[in-house]
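Input: a single structure, listed below in C-alpha cells.
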Amino acid sequence: MMNPIELKKVVGSGLLSFPVTHFNDELKFDEAKYRRHVEWLAGYDAAALFAAGGTGEFFSLNPSEIPAVIRAAKASAGNTPIISGSGYGTSLAIEIAKAAERAGADGLLLLPPYLMFAEQAGLIAHVKAVCQAVGVGVIVYNRDNAILTADSIARLAEECPNLIGFKDGVGDVDKVIEITTRLGDRLVYVGGMPTHEVYAQAYFAAGVTTYSSAVFNFVPALAQRFYGALRSGDQPTVNEILKSFFFPFVALRNRKRGYAVSIIKAGLRVLGQNPGPVRPPLTDLTPEELALLEKIVQANGVERIAAE
C-alpha cells in the first residue's frame, strides 16, 4: 500500500478511471472476468483505478463484497494503485474503509452518506471520523447531499493529514476555484462529473487537471488521446473527439436515469466483452440503444476486443 503523500502525487500525475464490477447472470460478483478487465485497463497507463466506485456499482454492492473486489483488483492491476469506494452512514463507512484497507486498498474515495442532507458540522465530523479510522489516503467526493464548503475543506485539510484529495461532482466551477485557490497544493483535485470529459476544459481552467474517466473502461486509448490533447492544448483534437464521440455518447446516456453506469457496461458488450448486467435498481440499455452506441464506437475506429 502507498502512503498518503505518495498516493496524492500519483493521483495527480495522469488520467484516472473506475472499472465496472462484473456480475454473472445470477448477479453474483464474477471475479475471473473482473480480474481480466482490470489487468487490461492497467495496460493503458491509468494513474490509479477506483475499484468498487460509482461506476463499479458501489451502491449495489453488499459491504461484505467490497473487500473481495479490492483484493481482485490489487491482484490484477500490477503497479497501478487501487482506490476503494467507501460510504453510507459514518459507522458503516468506517467499517467499509477498514475492510478495504485490510484488503490492500492504496486509498479511499469517500462517497456521500446515505440519503440525508446535513449541516457542514455534521459532514465535517463524518469525513474526519473516516479519515481517523484508517492510515491510507482519503479523497472526499463532493456531490449530491454531501457538498462541503471551502471553509469546511480547509478545516478538514488541517485536521486530517491523510485527507489528500477533493473530487468534485457538483459542477459549480466558481466554488471549485475558491477551494483550489485557498488550499493550493495541500490537496490533489479530481474532476468527477458524469462523463467528465465534456466539462474538463472548464475544470482545467479552475486548476483541476485530472479526472476520472468512465469511458476508459471500453475506449481507454481514445480516453488517453483526449486527455493528452487537453494537457497539451491541442484544441483541434479535443474538438474532434468531443464532436465525434462524447457529445453523441452523452445524448444517449441522458435518455434514462442510471445510464451513466449502464452505458459503460454496454460499451464493453459492444466491444465483445461480457461484464454482466447492472444490478437493480439500474437497468441495462435496450437493444436499439446498444446498436446506437455501437455506431458511435465504430465511427471512432475502436476495435473489438477478443471475445471472452
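Things worth noting here:
- Only one of Glu31, Glu39, Glu26 that is open to solvent by 60 Å² or more (accessible area, probe 1.4 Å) and without any contact (Cβ under 8 Å) to a residue 12 or more places away in the chain: Glu26
- With respect to being open to solvent by less than 50 Å² (accessible area, probe 1.4 Å) and modelled with pLDDT of 95 or more, Ala47 fits the description.
- Filter pass, Ser17 being touching a strand residue (DSSP E or B) at 6+ places or on another chain (Cβ under 9 Å) and open to solvent by 10 Å² or more (accessible area, probe 1.4 Å): no
- Selection status of Asn79, under 23 Å from Lys8 (Cα atoms) and open to solvent by 10 Å² or more (accessible area, probe 1.4 Å): yes
- Whenever a residue of segment 210-222 is part of a helix (DSSP H, G or I), its partners that are open to solvent by less than 10 Å² (accessible area, probe 1.4 Å), lying with C-beta atoms within less than 6 angstrom and at least six residues away or across chains, give the pairs Val215/Ala223; Phe216/Ser17; Phe216/Ala223; Asn217/Val20; Asn217/Ile264.
- All helices (runs of 4 or more DSSP H) inside segment 71-185 with 1 or more residues being farther than 27 Å from Ala206 by Cβ and without any contact (Cβ under 8 Å) to a residue 40 or more places away in the chain: 90-102, 120-133
- So Val134, is it within 20 Å of the chain's Cα centre (by Cα) and farther than 19 Å from Leu16 by Cα: no
- Residues being of a type in the set (A, V, I, L, M, F, W, C), open to solvent by 20 Å² or more (accessible area, probe 1.4 Å) and in contact with a Gly (Cβ under 9 Å, 6 or more places away or on another chain) - total across segment 82-114: 1
- Residues of segment 195-209 that turn out to be open to solvent by 50 Å² or more (accessible area, probe 1.4 Å) and outside any helix (DSSP H, G or I), as a count: 2
- The number of residues in segment 259-308 that are assigned to a helix (DSSP H, G or I), among the polar types (S, T, N, Q) and farther than 17 Å from Tyr34 by Cα comes to 1.
- Qualifying position, being among the aliphatic types (A, V, I, L, M) and open to solvent by less than 10 Å² (accessible area, probe 1.4 Å), among Leu230, Leu268: Leu268
- Among residues of segment 237-264 that are closer than 15 Å to Ser213 by Cα, those with a beta-carbon under 7 Å from a residue that is of a type in the set (Ser, Thr, Tyr) and assigned to a helix (DSSP H, G or I) at least six positions away or on a different chain give the pairs Arg253/Tyr259.
The values are calculated or read from the model by the stated rules, or taken from the named source; none is laboratory data. Since this is a predicted model, take the numbers as computed values, not measurements. Neighbour counts are summed over all protein chains in view; Cβ atoms, including those assigned to glycine, are modelled from backbone coordinates with ideal geometry. When the accessible area is computed, the model is the full protein with side chains, heavy atoms only, and any ligands, DNA or RNA have been set aside. Shrake-Rupley method; radii C 1.70, N 1.55, O 1.52, S 1.80 Å.
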